[in-house]
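Worksheet: one structure, shown below.
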Amino acid sequence: YVSKQMLQFGLCGAGIVESIGEGVTSVKPGDKVLMFPVPECRECSSCLHPKGNFFIPPTGLMLDGTSRFTCRGRKIYHLYGTSTFTEYTVVHEIAVGKIDDGAPMDRVCIISCGVPTGFGAVFNTARVTPGSTCVVFGLGGIGSAVVMACKASGASRIIGVDINEEKFPWARDLGVTDCLNPQKLEKPVQEVVVEMTGNGVDFAFEAIGLIDTMVGALESCHPSYGVCVIIGVAPSNSQLIFDPLLLLSGRILKGGAVGEYKTRDSIPKLVTDYMEKKINTDPLITHKFPFKSINKAFELFQAGHW
């Protein structure tokens with residue numbers, strides 16, 4: 001089906017179903033939906049497992065590599081099967097979830113990926129506990145969602161790490177208690193974090209996607225019970241290399257896609273929570289642009305203004 005609406009990000013967003021293909025039963029024209037870069041087929045081994053959410057496509061079904069667009073006779077390939085930087089797009093039924101009819105599209109679009117990725121890393125993957133200490137590497141959209149969730153979980157101290165100090169006031173408003181710029185420290189940031197907390201944090205989150213910061217997040221953890229959650233996506237063919245003794249003492253290294261939420265079953269419920277004012281994700285939206293100003297949005301993003 002085709003959805004049209006002003007969207008957030010190129011791989012996730014919100015839209016309105018314009019039409020449906022043969023056999024589609026879970027949505028109908030006029031429905032508001034979220035689009036998911038990680039579909040939920042409800043049939044593969046991952047979807048059927050109580051804890052699984054990373055869809056494993058059967059042979060012959062490629063959500064990203066399959067072209068459903070052409071322009072002047074040439075194929076245009078999808079980004080993660082959604083391609084939301086378009087006015088109209090075509091997606092698989094298993095990659096969308098119906099949401100409340102009254103949901104504001106320009107607000108809930110971030111709940112399709114960024115918000116659940118951050119929230120789920122805290123609530124589902126790490127299971128942050130009241131009174132705990134946390135460090136968040138990267139204070140962008142996902143890192144900020146992590147901060148909000150850590151605060152909601154009752155963390156007593158949340159250390160934010162970023163090289164862009166323009167983000168620090170905003171991060172403090174969301175719940176960060178201490179801000180660190182690695183470029184202005186005399187020693188590696190993980191050593192500073194360990195010194196600040198005594199023996200390391202209870203929970204560390206990497207929301208950047210760099211090998212160095214992933215290792216730094218792991219080394220920031222308490223050696224006996226610290227949990228490190230990798231959220232950022234590293235460059236293709238990267239190798240994560242660290243001293244295995246870091247894990248021998250009891251540290252735990254974890255990962256999880258889209259916060260371990262089953263996308264179609266669980267994420268639309270977050271929109272309902274937003275509508276019922278149980279959660280407020282509005283602070284994560286710093287700018288709004290019409291589609292014609294998308295290049296301006298990228299310029300601000302690259303300049304570090306959000």
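The values are calculated or read from the model by the stated rules, or taken from the named source; none is laboratory data. Treat the numbers as computed from the prediction; the structure is a model and nothing was measured. Here Cβ is always computed from backbone atoms with ideal geometry, including for glycine, and neighbour counts include all displayed protein chains. Just so you know, the surface numbers come from the protein's heavy atoms only, side chains and all, with ligands and any DNA or RNA stripped out. Shrake-Rupley method; radii C 1.70, N 1.55, O 1.52, S 1.80 Å.
Give the aspartates and glutamates reachable from Lys184 as a straight Cα distance under 12 Å; neighbours fewer than 8 places away on the same chain don't count.
In chain and number order, the partners are Asp162, Glu165.
Of Lys187, Lys269, Lys277, which has the most accessible area with a 1.4 Å probe, and how do the rest follow in descending order?
Descending order: Lys277, Lys269, Lys187.
In Å², and per residue, what accessible area does the chain have when probed at 1.4 Å with the other protein chains present?
50
Report the net charge of residues surrounding Thr197, where surrounding means a beta-carbon distance below 13 angstrom and charges are Lys +1, Arg +1, Asp -1, Glu -1.
For residues surrounding Thr197, the net value is -4.
Using a Gaussian network model of the chain with C-alpha springs under 10 Å, which one of Glu93, Glu191, Glu22 is most mobile by mean-square fluctuation?
Of the options given, Glu22 has the highest mean-square fluctuation.
What figure, in Å² to the nearest 10, do you get for the accessible area of Lys98 with a 1.4 Å probe and non-protein molecules left out?
The accessible area comes out at roughly 90 Å².
Which one, Ile211, Ile285, Ile294, has the greatest fluctuation when you compute a Gaussian network model over the chain with C-alpha springs under 10 angstrom?
Most flexible of the set in this elastic network: Ile294.
Select from Phe137, Phe54, Phe69 the residue whose mean-square fluctuation is largest in a Gaussian network model of the chain (Cα-Cα springs shorter than 10 Å).
Looking only at Phe137, Phe54, Phe69, the biggest GNM fluctuation is shown by Phe69.
So which of Lys28/Lys75; Lys28/Lys277; Lys167/Lys288; Lys269/Lys292; Lys269/Lys296 end up more than 23 Å apart, counting from Cα to Cα?
Over 23 Å Cα-Cα: Lys28/Lys75; Lys28/Lys277; Lys269/Lys292; Lys269/Lys296.
Take the Cα atoms of the chain, find their three principal axes, and give me the spread along each one in whole Å, biggest first.
Its Cα atoms span 60, 41, 41 Å along the three principal axes.
Give me the dipole magnitude in Debye, nearest 20, for the chain about the Cα centre, with unit charges on the beta carbon: positive for Lys and Arg, negative for Asp and Glu.
Rounded to the nearest 20 debye, it is 640 debye.
Using alpha-carbon pairs under 8 Å, 6+ residues apart, how would you state the relative contact order of the chain in percent?
That works out to 18 percent.
Run the numbers on region 185-306 and let me know its relative contact order in percent, using alpha-carbon pairs under 8 Å that are six or more apart.
18
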